[in-house]
Structure formats: C-alpha cells, structure tokens
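Here is the structure we will look at.
Derivation of every value follows stated rules applied to the coordinates shown; laboratory data play no part. Keep in mind that this is a model prediction, so the values were computed, not measured. Here the Cβ is made from the backbone with ideal geometry for all residues, glycine too, and neighbour counts use every protein chain on show.
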C-alpha cells in the first residue's frame, strides 16, 4: 500500500468516526445528561425536574433498568415551559 493509499485509508476511518455519532434527537440521557442539557445539577434534576407531572416519561429497559429520557423530548419540554412562562 502506498503512502497516499495509507493516508486515504486513515482519513476514511477518521471521517467514519466523526460522522458516526448519534444525532441529538436520537440520544437517550440519564439525570447527568439532563443536567448538562438544561444547566442544572444531577441532584436538582432528580429532586425537582423528573418528578414533575408534565416531565417526559423515562424509558426503562426491562422495566427495572436505570431511567433514560429522550434528549429531544427533554429539550422540547424545556422550550414549551419557557414559551409558556409569563413575561
């Protein structure tokens, strides 16, 4: 394999790694992830946000797994609350 072919093969691997990420709208996040999206601590998310009746429902694999929320649903929920806020 020539140097150019070797370089092209490496670039193809890098391109695949960079573009093979999960889009935001398809990600599932835990309480830490919700905190990163919304700018709150994990403890605040656990105590105040995920307990709200209108907060998106989590996914639990097998019914008992650690809860995960759709990042897209969390972001949409936050935008709706912002848009509905007075002022």
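Would you calculate a helix-derived [θ] at 222 nm for the chain, using -39,500 (n - 2.57) for each DSSP H run of n ≥ 4 and dividing by the full residue count, to the nearest 500?
Here the helix-only value at 222 nm equals -14000 deg cm²/dmol.
Hey, with R₀ at 25 Å, roughly what FRET efficiency would residue 38 and residue 61 work out to, going by the Cβ-Cβ distance, to 0.05?
0.60
Full-extension gain between residue 54 and residue 78, please, as 0.36 nm times their residue separation minus the C-alpha to C-alpha distance.
In short, 7.6 nm is gained.
Taking only the alpha-carbon positions of the chain and ignoring solvent, what does the Debye formula give for the base-10 log of I(q)/I(0) at q = 0.23, 0.26 Å⁻¹?
Those come out to -1.14, -1.30, one per q.
Return one number: the angle in degrees, 0 to 90 and rounded to the nearest 10, between the long axis of the Cα atoms of helix 3-19 and the longest principal axis of the Cα atoms of the chain.
With rounding to tens, the tilt is 10 degrees.
Let me have the relative contact order for the chain, percent, based on Cα pairs under 8 Å that are six or more residues apart. Spell out each step's value before the answer.
Numbers: 62 pairs, mean separation 25.7, N = 87.
Reported relative contact order: 30 percent.
If I fit a long axis through the Cα atoms of helix 71-84 and take the longest principal axis of the Cα atoms of the chain, what angle between them do I get, 0 to 90°, rounded to 10?
Taking Cα atoms only, the helix is inclined about 40 degrees.
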